Amino acid sequence: MDADTAIPLAIRFATIEKPENHCVRDIVLQAKENLKGHCKLVGLAVDRGVLDGDFLYWAKEKQDIDW
């Protein structure tokens, strides 16, 4: 979500039985694509439902995003 306008940078819907951490990488990649050419995604606030060591490593080391 954009901090100034509160407009979502990316969004994904799923049924309730799907774990949140299954689509979080797709959301991050979509947000980066939506911002391409305008600015760089450098920070991320995530709900504890997506707190997963593999995701946090991927975000920091592979995508250069602080969480």
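The values are calculated or read from the model by the stated rules, or taken from the named source; none is laboratory data. The structure displayed is predicted, hence computed values, not measured ones. Don't worry about glycine lacking a Cβ; one is built from the backbone with ideal geometry, like all the others, and counts go over all protein chains shown. Surface accessibility is based on the protein's heavy atoms, side chains included, excluding ligands, DNA and RNA. Shrake-Rupley method; radii C 1.70, N 1.55, O 1.52, S 1.80 Å.
Whenever a residue of the stretch 9-28 is under 18 Å from TRP58 (Cα atoms), its partners that are aromatic (Phe, Trp, Tyr), lying with C-beta atoms within less than 7 angstrom and at least six residues away or across chains, give the pairs ASN21/PHE55; VAL24/PHE55; ARG25/PHE55; ARG25/TRP58.
So which residues in the stretch 18-32 are basic (Lys, Arg) and either touching a Lys or Arg at 6+ places or on another chain (Cβ under 9 Å) or part of a helix (DSSP H, G or I) (or both)? Result: ARG25, LYS32.
For the stretch 48-67, the candidate set comprises residues that are assigned to a loop (DSSP other than H, G, I, E, B) and aliphatic (A, V, I, L, M); within that set, the residue that is surrounded by the most Cβ atoms within 10 Å (Cβ to Cβ) is ILE65. Which condition number does THR15 fail, the rest of (1) in a loop (DSSP other than H, G, I, E, B); (2) under 14 Å from ILE65 (Cα atoms); (3) open to solvent by less than 100 Å² (accessible area, probe 1.4 Å) being met? Every listed condition holds for THR15 apart from (2).
For ILE7, the conditions (1) part of a loop (DSSP other than H, G, I, E, B); (2) within 10 Å of the chain's Cα centre (by Cα); (3) among the β-branched types (Val, Ile, Thr) are fulfilled apart from (2).
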